[in-house]
Amino acid sequence: MQIAVPKEIEAQERRVALVPSVVDRLVKMGVEVLVQEGAGAGAFIPDAEFAGARLVGSAADLYRDADVVLKVQPPNEAEIALMKEGAVVIGFLMPHRYPERVARLRDRRITSFAMELVPRISRAQSMDALSSQASVAGYKAALMAAGLTGRFLPMLTTPAGTIRPAKVLIIGAGVAGLQAIATAKRLGGMVEAYDVRAATKEQVQSLGAKFVEMDVKAEGAGGYARELTEEEKQRQKEVLARHVTAADVVITTAAVPGRPSPRIITKAMVEGMKSGAVILDLAAEGGGNCELTRPGEEIVHRGVIIYGPLNVPSMLPVHASEMYARNLLNFLAPHIKDGALTLDWNDQVLAESVLTHQGEVKHAPTCKLLEGMSS
């Protein structure tokens with residue numbers, strides 16, 4: 001079996017799907033790994049470090065022989081056209097954003113697995129690429145916010161007097177939010193956090209942050225929050241407004257894959273913030289948690305800096321690639337027998353993460369999306 005790792009062609013994508021240590025482990029399992037020349041350059045991995053793999057010059061040559069293709073970003077239609085019929089592709093496929101690519105994978109009879117669909121069950125934690133990349137994003141978000149603010153984050157006692165610590169508010173206490181809390185605390189900020197899921201209170205407090213109490217509880221399926229009612233949204237706004245306006249730094253992380261990000265911070269809240277305050281909107285990929293966020297841009301509104309970075313994990317490509325490569329290895333390894341891929345469709349992880357197989361779209365929401373496009 002030949003596993004191929006192409007060079008990512010999406011703008012600003014610096015990650016690579018496999019790193020040399022994971023390549024070596026796959027080779028020991030009897031697999032041949034093909035790596036496109038320059039695939040690891042963005043993650044500071046020179047071709048020479050892929051000693052266990054066979055380097056291939058062009059994407060066309062790489063895809064022609066590949067039984068399994070490992071990607072970070074979804075393959076575009078030109079890449080799909082290069083894949084051989086019946087191949088397997090695994091990566092972040094974003095079917096909600098690129099349904100036409102899913103249709104192309106279906107028509108080419110390519111079996112595809114979306115890493116964002118891996119179920120959040122105990123056995124699949126080591127394969128959870130959404131969580132691994134979210135932890136990278138949360139860490140980087142705190143650093144970016146610290147870089148944007150004109151204030152120190154920690155309390156400092158200096159000959160010129162004592163400087164009070166900055167007030168940092170984290171909205172959303174999922175994987176990204178918890179990592180942002182931990183990093184902001186390490187930087188010395190006075191941190192508080194809010195999440196509509198009351199179950200996150202203990203996690204927030206265990207990291208030394210204060211939990212913003214509210215009588216709105218919205219636990220949902222799969223570890224995500226359910227959508228709030230209009231009455232709950234209004235109550236949330238009233239309580240959050242007080243904390244947002246008092247903060248020096250606000251980091252928002254509330255996002256659900258495949259859906260628009262909930263609008264949590266209103267224009268009025270922003271206009272109540274002090275001049276020089278910072279909003280770092282990690283949910284910008286889905287439109288943003290702040291009403292004024294412009295995805296991919298940094299703006300200033302009445303003295304408040306609002307930044308909605310995109311593809312944050314790619315900003316830390318070394319460790320983001322290492323973590324993602326291990327996720328892929330843990331996803332694949334149970335199904336490699338004597339150097340061949342044997343797919344066990346009774347496996348819950350495979351059954352729930354498959355997107356296309358044998359000319360059919362297997363993911364029900366994507367099926368509906370495609371039916372809606374054709375009607």
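The values are calculated or read from the model by the stated rules, or taken from the named source; none is laboratory data. Being a predicted model, the structure only gives us computed values, none of them experimental. Glycine gets a Cβ as well: all are built from the backbone with ideal geometry, and neighbour counts include every protein chain shown.
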Subject >> Filter pass, Glu100 being acidic (Asp, Glu), within 30 Å of Glu360 (Cα to Cα) and part of a helix (DSSP H, G or I) >> reply: yes
Original post:
Hey, among the residues in segment 339-366 that are β-branched (Val, Ile, Thr) and in contact with a Phe, Trp or Tyr (Cβ under 8 Å, 6 or more places away or on another chain), which one's farthest from Ala103 (Cα to Cα)?
Top reply: Val349
Original post:
Does segment 267-274 contain any residue that is at pLDDT 95 or above and in contact with a Phe, Trp or Tyr (Cβ under 8 Å, 6 or more places away or on another chain)?
Top reply: no
**OP:** Could you list, in sequence order, all residues of segment 157-185 that are over 25 Å from Asp128 (Cα atoms) and either surrounded by 24 or more Cβ atoms within 10 Å (Cβ to Cβ) or not β-branched (Val, Ile, Thr) (or both)?
**Re:** Pro159, Ala160, Gly161, Arg164, Pro165, Ala166, Lys167, Val168, Leu169, Lys185
Original post:
Tally time: how many residues in segment 357-375 are surrounded by 19 or more Cβ atoms within 10 Å (Cβ to Cβ) and under 22 Å from the mean Cα position of the chain (by Cα)?
Top reply: 2
Original post:
So is Tyr324 surrounded by 17 or more Cβ atoms within 10 Å (Cβ to Cβ) and part of a helix (DSSP H, G or I) or not?
Top reply: yes
Original post:
Somewhere in segment 11-28, is a residue in the same structural domain as Leu328 (by TED's automatic domain parsing), more than 18 Å from Val318 (Cβ to Cβ) and modelled with pLDDT under 95?
Top reply: yes
Original post:
If you go through segment 130-147 one residue at a time, do you hit one that is in contact (Cβ under 8 Å) with a residue 40 or more places away in the chain, more than 28 Å from Ile181 (Cβ to Cβ) and hydrophobic (A, V, I, L, M, F, W, C)?
Top reply: no
Original post:
For segment 103-114, which residues satisfy the criterion of being among the small types (Gly, Ala, Ser) and within 12 Å of Glu360 (Cβ to Cβ)?
Top reply: Ala103, Ser112
**OP:** Specify which of the listed residues (Leu355, Leu350) is within 30 Å of Val19 (Cα to Cα), outside any helix (DSSP H, G or I) and either in contact (Cβ under 8 Å) with a residue 60 or more places away in the chain or in contact with a His (Cβ under 6 Å, 6 or more places away or on another chain) (or both).
**Re:** Leu355
Original post:
Only one of Ala160, Ala103 is of a type in the set (Gly, Ala, Ser), without any contact (Cβ under 8 Å) to a residue 24 or more places away in the chain and farther than 20 Å from Val22 by Cα; which?
Top reply: Ala160
